[in-house]
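Everything below concerns the one structure shown next.
Derivation of every value follows stated rules applied to the coordinates shown; laboratory data play no part. Only a predicted model underlies this, so the values are computations on that prediction, with no experimental measurement involved. Note that we place each Cβ from the backbone using ideal geometry, even for glycine, and neighbour counts take in every protein chain shown.
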Amino acid sequence: MKGWLTLTLGLLAVVVGAVWTLQGLGRLGGSVMSGEPLWAVIGPLVVAAGLVLVVLGLRARNRGTPS
């Protein structure tokens, strides 16, 4: 069970960051954030943080398995 929480939060951050990026670029409408350049900057930062969490979660999972 080690690393599952980190992995899950990382995947969630990647998805949310991608949505925010698309909204900021105006590709995904229907929100107050649509077309706002700030979200086109925040989104990729959240994606990058999510990818770091995914890597850390995978490392924690692999460390716990017998070789």
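Brief remarks on what is shown
- Ranked by the mean number of other Cβ atoms within 10 Å of their residues, highest first, the peptides 30-36, 55-61 fall in the order 55-61, 30-36.
- C-alpha long axis of helix 4-24 to longest principal axis of the chain, angle in °: 20 degrees
- Model label points for E36 and N62, set 7 angstrom from Cα along the Cα-to-Cβ axis, are 3.8 nm apart.
- Cα pair count fraction exceeding 16 Å, expressed as % - the chain: 50 percent
- Fully extended contour minus Cα-Cα distance, from K2 to V52, at 0.36 nm per residue: 16.4 nm
- Estimated purely from DSSP H runs of n ≥ 4, each contributing -39500 (n - 2.57), the mean residue ellipticity at 222 nm for the chain is -26000 deg cm²/dmol once divided by its residues.
- Against the chain, whose longest principal axis is taken from its Cα atoms, helix 37-64 shows a tilt of about 10°.
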